[in-house]
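Everything on this sheet refers to the single structure shown next.
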Amino acid sequence: MFFLKELPSRQTLERYGVRYPDLDVGNLEDALIMMRRASVLVRELEKYFDARGLSLLRFLILIVLDREPESDMLSFGEITERVDVSKPVMTRTLKALEEYGLIAVEGGDDKRVKHVRLTEPGKEILQQTLPGYYTLINAFMQKGEA
């Protein structure tokens with residue numbers, strides 16, 4: 001999350017550019033703007049998902065499970081490889097999704113490997129959530145064009 005509400009002025013950045021010759025003021029300014037915009041988008045998405053009983057992370061896990069056309073389930077390790085969070089966070093989040101009935105966790109042939117799949121309620125909430133998600137992304141991108 002990027003917490004600066006007011007970005008430094010171009011003049012301030014140019015002062016830093018004088019002090020630090022390796023600083024490309026234009027690149028820094030562009031990066032700060034991009035980080036600020038991304039932070040605003042993440043906050044809007046979090047609010048949207050929260051109103052639907054989800055979080056950004058829970059939504060991402062549902063998407064990761066849904067986007068695998070050749071399989072209807074993934075192992076815990078496969079999900080962890082696709083979503084950038086720690087294993088303890090992933091474990092807690094999968095447990096919560098299972099408690100809400102949005103995923104099912106099943107053992108495979110190897111008892112050490114757990115497989116996760118979307119349940120029907122999980123598929124339904126994803127289908128209900130995606131249109132608004134796409135609307136938010138589209139509106140955000142259109143603001144950037146102005």
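Might you let me know whether the range 36-52 holds any residue that is out of contact with any Leu (no Cβ under 6 Å at 6 or more places or on another chain) and farther than 26 Å from G144 by Cα?
yes
Every residue in the range 24-39 that is loosely packed, with under 14 Cβ neighbours inside 10 Å and of a type outside the set (S, T, N, Q), please. Don't jump to the end; show me each part of the working.
Start the filter on the range 24-39 by keeping residues that are loosely packed, with under 14 Cβ neighbours inside 10 Å, which leaves 24, 26-27, 30-31, 33-34, 38.
If the condition is that a residue be loosely packed, with under 14 Cβ neighbours inside 10 Å and of a type outside the set (S, T, N, Q), then D24, G26, D30, A31, I33, M34, A38 are the ones that fit.
Given A38, A96, which one is under 23 Å from M141 (Cβ atoms), free of Cβ contacts under 8 Å to residues at least 40 places away in the same chain, in a helix (DSSP H, G or I) and among the small types (G, A, S)?
Working: A96 fails: under 23 Å from M141 (Cβ atoms).
Exactly one of A38, A96 is under 23 Å from M141 (Cβ atoms), free of Cβ contacts under 8 Å to residues at least 40 places away in the same chain, in a helix (DSSP H, G or I) and among the small types (G, A, S), namely A38.
Filter the range 1-23 down to the residues that are hydrophobic (A, V, I, L, M, F, W, C) and surrounded by 12 or more Cβ atoms within 10 Å (Cβ to Cβ), then identify the one that is nearest to N138 (Cα to Cα).
Here is the first cut: in the range 1-23, the ones hydrophobic (A, V, I, L, M, F, W, C) are 1-4, 7, 13, 18, 23.
Next, only the ones that are surrounded by 12 or more Cβ atoms within 10 Å (Cβ to Cβ) stay: 2, 7, 13, 23.
On the way: F2: 21, L7: 24, L13: 31, L23: 33 Å.
The qualifying residue nearest to N138 (Cα to Cα) is F2.
If the Cβ limit is 9 Å and pairs must be 6+ apart or interchain, which residue in the range 50-62 that is closer than 13 Å to I103 by Cα pairs with which residue that is in a loop (DSSP other than H, G, I, E, B) and of a type outside the set (A, V, I, L, M)?
Short answer, once both residue conditions are applied: R58/Y100; F59/R52.
Can you go through R58, R112, R92, R82 and tell me which one is surrounded by 11 or more Cβ atoms within 10 Å (Cβ to Cβ), outside the structural domain of I33 (by TED's automatic domain parsing) and more than 30 Å from M34 (Cβ to Cβ)? Steps first, please.
Values: R58 fails: more than 30 Å from M34 (Cβ to Cβ); R112 fails: surrounded by 11 or more Cβ atoms within 10 Å (Cβ to Cβ); R82 fails: more than 30 Å from M34 (Cβ to Cβ).
Of the residues listed, the single one that is surrounded by 11 or more Cβ atoms within 10 Å (Cβ to Cβ), outside the structural domain of I33 (by TED's automatic domain parsing) and more than 30 Å from M34 (Cβ to Cβ) is R92.
Matching residues to (1) under 17 Å from the mean Cα position of the chain (by Cα); (2) outside any helix (DSSP H, G or I); (3) of a type in the set (V, I, T):
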| position | (1), (2), (3) |
| --- | --- |
| G53 | yes, yes, no |
| L57 | yes, no, no |
| L60 | yes, no, no |
| L65 | yes, no, no |
| E68 | no, yes, no |
| I79 | yes, no, yes |
| D84 | yes, yes, no |
| V89 | yes, no, yes |
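Scan (1) in contact with a helix residue (DSSP H, G or I) (Cβ under 8 Å, 6 or more places away or on another chain); (2) small (G, A, S); (3) surrounded by 12 or more Cβ atoms within 10 Å (Cβ to Cβ) for the single condition G144 breaks and write down its number.
(3)
The values are calculated or read from the model by the stated rules, or taken from the named source; none is laboratory data. What you are looking at is a predicted structure, and each value in this text was computed from that prediction instead of being measured. Using ideal geometry, Cβ is built from the backbone for each residue, glycine included, and neighbour counts are taken over all protein chains shown.
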